[in-house]
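Report on one structure; see the data block that follows.
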Amino acid sequence: MNIYNCYICGKSFDYLGGISRHIKRVHNITRENYYIQFIGNKGKCEVCSNNTRFLDIEKGYKRFCSHKCANAVNNPTIIRDSILNRTDERKTELRKKIQKTWKNKSETEKSEHIRKIKESMDYDNISKKRSKTMLKWNATKKQDYIKKLKKSWQIKSDEELNEKYRKQKETNISNGNWIPDKIKDEFYAYKLNVRQETRKWIKLLFSEWTGLDYYTKEKLITTEEFVTLYDKHPNSNKLQPTIDHMISIHEGFLDNIDYKIIGNIKNLCVCSRKNNSKKRNENIKNFLEKIRDC
């Protein structure tokens, strides 16, 4: 257990939240100023020397000011692998803890625990709990929900899973979305670089935007306007403005186009969320022809 001592009055705390509240309420000083005065220096990016974000009095400041600077030092693949390793470690610790607790239970307690789990996962019991909500749904929504619920509790064999993944692969190949496993790491790194390049142009793109969908010339509705005009959740706004890469990231990667070209403002446009989902990785020429045919 870590012990945190206040450098101002000497009071001790056994958790970080305690000392954080203490220095704010008692000494009227922010955590960041406390850190600078008594523990360390103000954070500077290791790559460009810009100011970095303060985390807490234990961790201090972030090492880098942006993803771009972090990737200049750390390979995205290494970062992802380290995150996966930490996740595996946490799962292992949790599994050991559960096993230890399970061993200490009596046979009666074990049986009761298993019975409750089975009861909570039973389709009929779940349906009863959702029955009040389902009364408000139309027939189609009810059928879709019941179909998904029944399907989710089916235990699939290895053969069924393999068949499922085979069909997914065939669909992705036919749609032009397939990336072989051996080059996926390269694709993810390329995708990350494109998104970082895109962020540089967002303000300029929207400052020059006419308010219309680039592909269909429809008038788009921002989230703020949608909430004001309609008493609906913002997620139901199909005309929400979104940024699209006219030559998609997927297409750019397969054609070996420099990520700076794909992320540049000349390759960016604003379109509705609906059209962005329709286009996906499709070639812009084919997509425009498809829209005209509709």
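Looking at this structure, is LYS232 modelled with pLDDT under 90, within 21 Å of the chain's Cα centre (by Cα), over 24 Å from ALA72 (Cβ atoms) and in the same structural domain as ILE265 (by the TED database)?
No, not satisfied.
Taking the range 223-255 as the region of interest, how many residues are free of Cβ contacts under 8 Å to residues at least 24 places away in the same chain and in contact with a Pro (Cβ under 8 Å, 6 or more places away or on another chain)?
Here the count works out to 3.
Within the range 256-268, which residues are in contact (Cβ under 8 Å) with a residue 60 or more places away in the chain and of a type outside the set (A, V, I, L, M)?
Matches in the range 256-268: TYR259, LYS260, GLY263, ASN264.
Being under 30 Å from ALA70 (Cα atoms), in contact (Cβ under 8 Å) with a residue 24 or more places away in the chain and of a type in the set (Ser, Thr, Tyr) is the filter here, so list the residues in the range 5-33 that pass it.
Within the range 5-33, just SER20 meets the criteria.
With respect to ILE183, is the statement that it is within 30 Å of ARG166 (Cβ to Cβ), surrounded by 12 or more Cβ atoms within 10 Å (Cβ to Cβ), among the aliphatic types (A, V, I, L, M) and touching a Lys or Arg at 6+ places or on another chain (Cβ under 8 Å) true?
Here the answer is no, as ILE183 does not meet what is asked.
Look at the range 183-197 and say how many of its residues are of a type in the set (Val, Ile, Thr) and touching a residue at least 40 places away in the same chain (Cβ under 8 Å).
1
Considering only residues that are outside any helix (DSSP H, G or I) and touching an Asp or Glu at 6+ places or on another chain (Cβ under 6 Å), look in the range 258-280 and name the one that is farthest from LEU204 (Cα to Cα).
SER272
Conditions first: (1) modelled with pLDDT of 85 or more; (2) over 30 Å from PHE187 (Cβ atoms). ARG95 passes all but one, so which condition is the exception?
Evaluating ARG95 over (1) modelled with pLDDT of 85 or more; (2) over 30 Å from PHE187 (Cβ atoms) leaves (1) as the failure.
Based on this model, can you work out whether GLU289 counts as without any contact (Cβ under 8 Å) to a residue 12 or more places away in the chain, outside any loop (DSSP other than H, G, I, E, B) and either of a type in the set (S, T, N, Q) or in the same structural domain as PHE206 (by the TED database) (or both)?
yes
Does at least one position in the range 204-222 carry a residue that is out of contact with any Lys or Arg (no Cβ under 6 Å at 6 or more places or on another chain), farther than 30 Å from ILE173 by Cα, touching a residue at least 60 places away in the same chain (Cβ under 8 Å) and not in a helix (DSSP H, G or I)?
yes
Yes/no matrix, rows are residues, columns are (1) farther than 24 Å from VAL73 by Cβ; (2) in a helix (DSSP H, G or I):
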position	(1), (2)
GLY18	yes, yes
ARG21	yes, yes
LYS24	yes, yes
ASN28	yes, no
GLY40	no, no
GLU58	no, no
ARG63	no, no
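Confirm whether ILE262 is under 19 Å from ARG199 (Cβ atoms) and touching a Cys at 6+ places or on another chain (Cβ under 9 Å).
Here the answer is no, as ILE262 does not meet what is asked.
The values are calculated or read from the model by the stated rules, or taken from the named source; none is laboratory data. On a predicted model such as this, the values are computed, not experimentally measured, just so you know. Note that we place each Cβ from the backbone using ideal geometry, even for glycine, and neighbour counts take in every protein chain shown.
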